[in-house]
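Contents: one structure, followed by commentary.
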Amino acid sequence: MKIPDRSKKGMTRREFVKKGIQGGIIVTATPVIMSSLLSGCAPSPVAPKVPWQLTPEILQKLLDIALSKGGDFADIYVEHRISTQLLLEENLIKSLDYGVSQGVGIRVIAGEEVGYSYTDDLAMKKLEETARTAAYIAATGIKPSIANLSERSVKKNIIVEIGMDKVIEKKKVLLMQAANEAARAFDPAVKEVTVRYSDEIKNVIIANSEGRLVHDEQPLFYLGVSALAVRNDVRQMGSESLSERSGYEVFKRVSPADLGKEAARQAVSMLDAREAPTGEMPVIIANGWGGVLIHEAIGHGFEGDFIRKKTSFYTDKVGQKVASEKVSIVDDGTLRNHRGTLNADDEGSITRRNILIENGICQGFLYDIFNAGLMKTYSTGNARRQSFRYIPIPRMTNTFMLAGEDAAEDMVRRTRSGLRVRKLGGGQVDITSGNFVFRVTEAYMIDRGRTTYPVKGATLIGNGPEVLTKVDMVGPDLDYGPGTCGKDGQGVPCDVGQPTVRISAITVGGTRV
């Protein structure tokens, strides 16, 4: 795709965004404006970062109003977000969207009752009304004392050298073009390629009645490629993505072309796939995105709300063996620049490394302030929310299995007949029982210790807690994959991860016996 040269000065991103800065907006560029933006040579400036008119004095006043009808605890979450999204299809940039949103959520906790109200109008009158609404929902009649706000410093787990907001749109398009061209050049069977790019800068202020005041900036970008391969009326899709809380410097170590090639490789490799078998068999799951099985089938069961309600299999299991001794699982919100990393969680608690399972023994769970208070424990820095419109709930950040010492080649050699899963798709999980069904998007049969032909239509069917006990080999090649975790209608960014692992027996659903 050719990007036209600028013949005269066009609208800068700042001017473009300022037209809609009042409230939450999404602005889609017209073809003329898009051409001007994509051919520009100036950095992409952003709108003012955060509504700093909300001073500590104002926040203190709002907390006082929120607890005026009683309660145990109150907090305020202030958010300002500016984002960019681009879509490339049919070798053309089809859309360029800018979005700006800002708002405030105010919560009051009274025992097991929670009052929550939010607004995207930052006028003082509206903010006071929002605080009063939360107060009435959780009123107890006994007003608690409120500590004076004191700003807390947070450890910087997110280090950005060149912010994506400082990168002109033309450079972002060049990244997309490189991925698109590499995917199309991989094989003549690749007929369609879609590349999506997005970035955002989110600034937050969190204040609570215990005196905590935290400011934080949370950047995030995403570059994803999907490829369609077609041969003899057989159609197969492949996809690959990169997403981190980092900046443009990431492309010094990761090539967009490699993302395109990998998406194309997946699609082309599955064109000759045979129908998958069914039955119980050993399964080897590749490192990286394979960790989505851990996240969905196991990780949610460690979240504090399910533990408190006793709806998780892992309730009351601390100190007990719940997995093979080869299995150690960690949730770590401090991994530098990872997609699920935060300097402070969405309640202002410092993120940390939480060991969930160590050598097969259950060690602990993931909590937010609300559930931790009811369980007489402490927050583990795992409160997450999609935006100011949502209440915080306990969620995973970067969840992964620790590396072992078993080589993937040995896993294959020791498997007489089984399935080697290179990539998992989506799935369904019952948190209470741990039962799951996962779709497999790329897999190969193992026959007499050798990887052979590709198979399609496979699913993995099992029970998360049971599967953990059947992990008999764990590789040294820990890697991660970016995802979006859904729970209670909210989606938040996360990373999943694992080394290559072998499960001695799991049910494979397919289309032939």
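Data overview
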| item | result |
| --- | --- |
| Qualifying positions in the stretch 471-492 - buried (at least 17 other Cβ atoms within 10 Å of the Cβ) and over 14 Å from residue 401 (Cα atoms) | 482, 483, 485, 487, 490, 492 |
| Residue ID - modelled with the lowest pLDDT, chosen from residues in the stretch 428-464 that are touching a helix residue (DSSP H, G or I) at 6+ places or on another chain (Cβ under 6 Å) and of a type in the set (Gly, Ala, Ser) | 434 |
| Members of the stretch 225-257 found to be closer than 20 Å to residue 162 by Cα and out of contact with any Gly (no Cβ under 9 Å at 6 or more places or on another chain), listed by number | 244, 246, 249, 250, 251, 252, 253, 254, 255, 256 |
| Top-ranked residue in the stretch 500-513 [being in contact with a Gly (Cβ under 8 Å, 6 or more places away or on another chain) and either under 14 Å from residue 424 (Cα atoms) or at pLDDT below 95 (or both); ranked as surrounded by the most Cβ atoms within 10 Å (Cβ to Cβ)] | 501 |
| Members of the stretch 254-302 that are in contact with a helix residue (DSSP H, G or I) (Cβ under 9 Å, 6 or more places away or on another chain) and of a type in the set (Lys, Arg) | 261, 265 |
| Options 279, 238, 304: the member that is among the small types (Gly, Ala, Ser), crowded, with 23+ Cβ neighbours inside 10 Å and in the same structural domain as residue 419 (by TED's automatic domain parsing) | 304 |
| Residues being surrounded by 17 or more Cβ atoms within 10 Å (Cβ to Cβ) and polar (S, T, N, Q) - total across the stretch 452-468 | 2 |
| Residue within the stretch 70-80 that is touching a residue at least 12 places away in the same chain (Cβ under 8 Å) and under 28 Å from residue 196 (Cα atoms) present | yes |
| Residue identified as out of contact with any His (no Cβ under 7 Å at 6 or more places or on another chain) and closer than 30 Å to residue 276 by Cα among 372, 383, 403 | 403 |
| Filtered residues of the stretch 422-455 (kept if in contact (Cβ under 8 Å) with a residue 60 or more places away in the chain, of a type in the set (Val, Ile, Thr) and more than 14 Å from residue 292 (Cα to Cα)) | 431, 432, 446, 455 |
| Tally of residues being assigned to a loop (DSSP other than H, G, I, E, B) and out of contact with any helix residue (DSSP H, G or I) (no Cβ under 7 Å at 6 or more places or on another chain) across the stretch 322-348 | 17 |
| Residue match in the stretch 367-384 (condition: among the acidic types (Asp, Glu), under 20 Å from residue 208 (Cβ atoms), at pLDDT 95 or above and assigned to a loop (DSSP other than H, G, I, E, B)) | yes |
| Of all residues making up the stretch 135-163, the number that are of a type in the set (Ser, Thr, Tyr) and either touching a Lys or Arg at 6+ places or on another chain (Cβ under 8 Å) or at pLDDT 95 or above (or both) | 3 |
| Residue in the stretch 399-427 that is modelled with the highest pLDDT, counting only those that are under 17 Å from residue 237 (Cα atoms) and hydrophobic (A, V, I, L, M, F, W, C) | 421 |
| Some residue of the stretch 145-167 being at positive phi, touching a residue at least 40 places away in the same chain (Cβ under 8 Å), surrounded by fewer than 14 Cβ atoms within 10 Å (Cβ to Cβ) and not charged (D, E, K, R) | no |
| Selection within the stretch 314-324 - under 15 Å from residue 431 (Cα atoms) and buried (at least 20 other Cβ atoms within 10 Å of the Cβ) | 314 |
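A quick yes/no check of all residues on (1) at pLDDT 95 or above; (2) over 30 Å from residue 173 (Cα atoms):
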residue: 70; (1), (2): no, yes
residue: 73; (1), (2): yes, yes
residue: 77; (1), (2): yes, yes
residue: 85; (1), (2): yes, no
residue: 91; (1), (2): yes, no
residue: 101; (1), (2): no, no
residue: 123; (1), (2): no, yes
residue: 133; (1), (2): yes, yes
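Residue-wise test of (1) within 30 Å of residue 207 (Cβ to Cβ); (2) of a type in the set (A, V, I, L, M); (3) in the same structural domain as residue 489 (by TED's automatic domain parsing).
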residue: 363; (1), (2), (3): no, no, yes
residue: 378; (1), (2), (3): yes, no, yes
residue: 384; (1), (2), (3): yes, no, yes
residue: 404; (1), (2), (3): no, no, yes
residue: 407; (1), (2), (3): no, yes, yes
residue: 412; (1), (2), (3): no, yes, yes
residue: 432; (1), (2), (3): no, no, yes
residue: 438; (1), (2), (3): no, no, yes
residue: 446; (1), (2), (3): no, yes, yes
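The values are calculated or read from the model by the stated rules, or taken from the named source; none is laboratory data. Since the model is a prediction, treat every value here as computed from it, not as a measurement. Virtual Cβ from ideal backbone geometry, glycine too; neighbours counted across all protein chains shown.
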